[in-house]
Amino acid sequence: MVIVSEGYKFIGAALILAVILGFFAHPYAAAPCVVLACYFAYFFRSPTREITQNENHILSPADGTVTEITPVGTDDFVGEPCNKIVIFMSVFNVHVNRSPIDGEIKLQKYYCGRFRPAYKDEVGFENEHHLIGIDRGDLRITVKQIAGILARRIVSWVTLDDRLRQGDVYGMIRFGSCLEIVMPERAEILVKKGEKVQGGKTVLGRLEGE
């Protein structure tokens, strides 16, 4: 397990404040800052995971709970009838995001919006979000990182034409949020609403051929 670079400044700031409070106030005053530094280390963790590559599988892009599975008609990027799966991430989930399939990023859009609670139905349209479309040739999907009331920073480490391997880490969202994945309707959905999923491990959809 590693800590992503985004977390270093939070951990460092908490530890510096702990030293200042411990030196100028009282050692006990530093305790909350030490606890906070430990939480930041926990939050910004990126566990090492063994990814099982399978071209017939569409993997979960995030850890969390499935809160919605909805038909959405024909998606402009995917180009065929699709289903949308929404995954809610609490502040205790791993927050790095992974690519569900192999492919190249052929769509990338950022929308600077609001910061409503991530469980609200309309957040995918109104809240700040970052959308990527991944093209494998025979398969296209989109993944949308959505900021919430606490998650006020979307982080992406990829750009257009970057190639991703299935399970690669490509970004994260800070402090509670959700992801939407849009996949072709022809993929059999293997999860249900309320189910816990793991990024890069849980198979959300299965294509014909396996």
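Residues of segment 29-43 include at least one that is in contact with a Phe, Trp or Tyr (Cβ under 7 Å, 6 or more places away or on another chain), surrounded by 14 or more Cβ atoms within 10 Å (Cβ to Cβ) and farther than 17 Å from residue 145 by Cβ. Note down all Cβ pairs under 6 Å where the first residue falls in segment 1-29 and is part of a helix (DSSP H, G or I), the second is β-branched (Val, Ile, Thr), and they're at least six residues apart or on different chains. Note: pairs meeting the criteria are 6/155; 18/34.
If the condition is being of a type in the set (Phe, Trp, Tyr) and out of contact with any Ser or Thr (no Cβ under 7 Å at 6 or more places or on another chain), then segment 38-94 contributes 39, 40, 42, 43, 44, 92. Residues of segment 186-210 that are over 19 Å from the mean Cα position of the chain (by Cα), assigned to a loop (DSSP other than H, G, I, E, B) and of a type in the set (D, E, K, R): 186, 208, 210.
Quickly run through segment 168-185 and pick out the residues that are part of a loop (DSSP other than H, G, I, E, B) and surrounded by 21 or more Cβ atoms within 10 Å (Cβ to Cβ). The one that is part of a loop (DSSP other than H, G, I, E, B) and surrounded by 21 or more Cβ atoms within 10 Å (Cβ to Cβ): 176.
Looking at 190, 160, just one residue is free of Cβ contacts under 8 Å to residues at least 40 places away in the same chain, surrounded by fewer than 16 Cβ atoms within 10 Å (Cβ to Cβ) and of a type in the set (A, V, I, L, M, F, W, C), and that residue is 190. So if I check each of 63, 76, which one is surrounded by fewer than 20 Cβ atoms within 10 Å (Cβ to Cβ), charged (D, E, K, R), closer than 23 Å to residue 145 by Cβ and assigned by TED's automatic domain parsing to the domain that holds residue 141? The match here is 76. Taking the conditions (1) at pLDDT 95 or above; (2) closer than 15 Å to residue 84 by Cβ; (3) in contact with a Lys or Arg (Cβ under 9 Å, 6 or more places away or on another chain) in turn, residue 122 satisfies each one other than (1).
Of the listed requirements (1) surrounded by 15 or more Cβ atoms within 10 Å (Cβ to Cβ); (2) at pLDDT 85 or above; (3) not aromatic (Phe, Trp, Tyr), residue 16 misses just one: (1).
The values are calculated or read from the model by the stated rules, or taken from the named source; none is laboratory data. Since the model is a prediction, treat every value here as computed from it, not as a measurement. Note that we place each Cβ from the backbone using ideal geometry, even for glycine, and neighbour counts take in every protein chain shown.
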